[in-house]
Amino acid sequence: MLEKYGKAFDNKAILRTPQWLKMQSKNAKQKAKKFAKEEKESLKACPICESEEVVEFAKIYAFIYKECQNCQNLFLSNPLKDLKKLYTNDGKESAFECYLSDALFTKRLEHIAKPKVGFIDEIAKNCENKLWLDIGSGGGENLYAAKALGYEVVGYESDLKLLQFSNEKLKGDYVKQGFLDIQNCDKSLLETIKNAGIITFFNVLEHLSNPKQVLEFFAQNMQKNALLVIEVPRHPSLSSYVNALASDKVYRHLIPPFHLNIFSEKALKILGGGGQLKVVGKWAFGQGFMDLLHSFKDFDKNKALYEKLSQLSNPIQKILDANDLADFLILVFQK
Ligand SMILES: [Zn+2]
């Protein structure tokens, strides 16, 4: 079992300026208010462990996150009835326009993809099967990093522009159009799930209403010894605390109605693909300290002090991460 805490992070390096951050929280507010008018469900029990012992944790615009008192999972108790409404797009404009830039690709590759892929590679070193499948491959930077380490790579991405961008970067047709639908799984995707040695499924599970069934689907179809790697928002964390207290400033982590679950480690162990998946690696890291700074109105009013505090983020965050307060979790399961 490989365990790791803390990940160096530089807002500036991935072009997150104070202006960008303020715009993000404005957008998050607009979207939440827009979708609040849609028909909603009302969950009475924890979607992971089914306990009815749940308490309100945060109210963000019209959306309520509840915390399970049995497994500590945080879940959106009034999600939209029709989740598809959140992701409909006319295809003319990529919802991820911001990723389609060479400069950002290089930065995301260095600062985000390479460390993650390197961590997984450390665990996968002894595995013979070098087929790496990335579902929801985004701008393709994870596949790029995996390919550079000698893996055979395949990606699936639903956004056409991201897909084309990725294939240009990868210099070949490595990424196909598609997404995971466990009720009606695309044949070639299912085939790749069955053959892969490593499956990465980053930042998707929190958007799905059926995380339990999805992990069970993987567990049933994966090869014995294959790895499934997920990255999810994590609770308890400083970020959850900040989001709950400064609920009009959220722009990541607790973002209703998009994030349906902010997973506790206990919840993920309960999930574990119906007992077929065991945890072999864990990396907890976060940005809660920066979230704390960003929860103040005019947080960059005093630029010199803001810069100085920002530079201390990594060592402070590492202490938080090692003390069970990280807001992100990469979990490596093995079948
Ligand atoms: Zn629970």
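Quick notes on this structure:
- In order along the range 62-76, the phi-based Karplus estimate (6.51 cos²θ - 1.76 cosθ + 1.60, θ = phi - 60°) of 3J(HN,Hα) comes to 9, 9, 10, 9, 10, 10, 6, 7, 8, 10, 6, 5, 10, 9, 6 Hz; Gly and Pro are listed as x.
- Nearest-0.05 FRET efficiency for Glu168 and Val55, computed from C-beta distance (R0 45 Å): 0.40
- Along the range 134-148 the Karplus relation, 6.51 cos²θ - 1.76 cosθ + 1.60 evaluated at θ = phi - 60°, assigns HN-Hα couplings of 10, 9, x, 6, x, x, x, 5, 5, 5, 4, 5, 5, 4, 5 Hz to successive residues, with x for each Gly and Pro.
- The H on the amide N of Ile64, modeled in the peptide plane, is under 5 Å from the matching H of Ser77, Asn78, each at least 5 residues off or on a different chain.
- Whole-Å distance, taken between Cα centres, linking the range 299-335 and the range 141-159: 27 Å
- Net dipole in debye of the chain [+1 Lys, Arg Cβ; -1 Asp, Glu Cβ; about Cα centre; nearest 20]: 560 debye
- In this rough spin-label picture, where each label sits 7 Å from Cα along the Cβ direction, the Gln183-Ala62 distance is 2.5 nm.
- With at most 15 neighbouring Cβ atoms within 10 Å, loop chymotrypsin sites (Phe, Trp or Tyr not before Pro) (DSSP) excluded, longest segment of the chain: 180-295
- Dividing the summed -39500 (n - 2.57) terms of all DSSP H runs of n ≥ 4 by the residue count of the chain sets its mean residue ellipticity at 222 nm at -10000 deg cm²/dmol.
- Using C-alpha pairs below 8 Å separated by at least 6 residues, the relative contact order for the range 235-335 is 45 percent.
- Subset of Lys22/Lys161; Lys31/Lys66; Lys66/Lys212; Lys249/Lys301; Lys7/Lys161 violating a 24 Å alpha-carbon distance limit: Lys22/Lys161; Lys7/Lys161
- Cross-link pairs beyond the 26 Å C-alpha cut-off, checked among Lys125/Lys147; Lys169/Lys308; Lys81/Lys224: Lys169/Lys308; Lys81/Lys224
- Of the two radii for the chain, the radius of gyration is 0.94 times the Kirkwood radius, both from the alpha carbons; that is the Rg over Rh value.
- Prolate/oblate/rounded label for the range 137-199 (Cα gyration tensor, a/c 1.5): oblate
- Under Karplus coefficients 6.51, -1.76 and 1.60, residue-wise ³J(HN,Hα) of the range 149-157 in Hz, glycine/proline x: 8, x, 7, 8, 10, 9, x, 10, 8
- Sorted fewest first by neighbouring Cβ atoms within 10 angstrom, Leu74, Leu43 come out as Leu43, Leu74.
- Rounded Å value of the spacing that divides the Cα centres of the range 1-64 and the range 250-280: 13 Å
Taken together, the values in this text are just the output of simple stated rules run on the coordinates, not laboratory data. Keep in mind the model is a prediction, meaning the values are calculated, not measured. When we count neighbours, we look across all protein chains shown, and the Cβ atoms used for this are built from the backbone with ideal geometry, even at glycine.
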